[in-house]
Structures are given as structure tokens and as C-alpha cells.
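Input: a single structure, listed below in C-alpha cells.
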Amino acid sequence: MCYQEESLWLLPTHRKSDTVTLMNWPSLIQDLIGSGLTQAQIAARVDTGQSHISELYRGGRKQPGWSLGERLISLHRERCGKTEQAAA
């Protein structure tokens with residue numbers, strides 16, 4: 001189950017320093033886990049390692065690279081519906 005309404009989402013609107021900014025990655029990953037995926041399955045779906053997903057989830061890694069961030073957002077949309085854009 002995805003809890004978008006409880007999360008603050010800001011979609012990346014431009015490329016800045018080759019990272020996706022202003023996303024709550026632990027919450028996004030928690031939504032994906034809540035939708036029935038394991039960290040290993042998330043990693044396989046977005047073409048990265050499970051340890052990378054774990055680091056993002058635990059906050060050890062603050063930002064993924066741009067392309068990984070885009071793949072995570074796309075997977076979230078697929079599994080949980082439209083990702084909300086927060087008012088700036």
C-alpha cells in the first residue's frame with residue numbers, strides 16, 4: 001500500500017549537479033516495499049544493487065544519481081500511482 005498523501009514529494013524539474021534533488025527517498029522506497037516489493041526486487045527493477053537501495057532507504061546515501069532517481073520515480077508511479085508534486 002502506498003501512502004503518498006502522508007509524504008512530501010517534489011519532483012525534479014531540472015538537472016542540477018547530476019543528482020535528483022528534493023525527494024524523500026526513504027519514504028518513496030517504503031512505499032515500494034509497502035506495495036509488495038522487496039529491496040532486492042526494487043533494485044532489480046531499477047538496475048542497481050540491493051545495497052544501494054538499502055543505503056537510500058536508511059539515509060546513508062542522501063541522493064541517487066539522476067538516472068537512478070528517474071527510474072525509482074517511474075517505478076513508484078507504476079506501483080503506487082501518480083507521484084504528487086508539492087507546492088513550492
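The values are calculated or read from the model by the stated rules, or taken from the named source; none is laboratory data. This structure is a prediction, so every number in the text was calculated from the model and none was measured. When we count neighbours, we look across all protein chains shown, and the Cβ atoms used for this are built from the backbone with ideal geometry, even at glycine.
Kindly provide the set of residues from the stretch 46-60 that are in a loop (DSSP other than H, G, I, E, B) and either within 18 Å of Gly81 (Cβ to Cβ) or at pLDDT 95 or above (or both), ordered by number.
Pass one, the stretch 46-60, residues in a loop (DSSP other than H, G, I, E, B): 46-49, 59-60.
Of everything in the stretch 46-60, those that are in a loop (DSSP other than H, G, I, E, B) and either within 18 Å of Gly81 (Cβ to Cβ) or at pLDDT 95 or above (or both) turn out to be Val46, Asp47, Thr48, Gly49.
What are the pairs, 6+ residues apart or on separate chains, where a residue within the stretch 48-75 that is closer than 15 Å to Ile33 by Cα has its Cβ under 8 Å from a residue that is aromatic (Phe, Trp, Tyr)?
Short answer, once both residue conditions are applied: Leu56/Trp25; Tyr57/Trp25; Leu72/Trp25.
For every residue, the table says whether it meets (1) crowded, with 18+ Cβ neighbours inside 10 Å; (2) among the basic types (Lys, Arg); (3) at pLDDT below 80.
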residue: Thr13; (1), (2), (3): no, no, yes
residue: Val20; (1), (2), (3): yes, no, yes
residue: Leu28; (1), (2), (3): yes, no, no
residue: Gln41; (1), (2), (3): no, no, no
residue: Ala44; (1), (2), (3): no, no, no
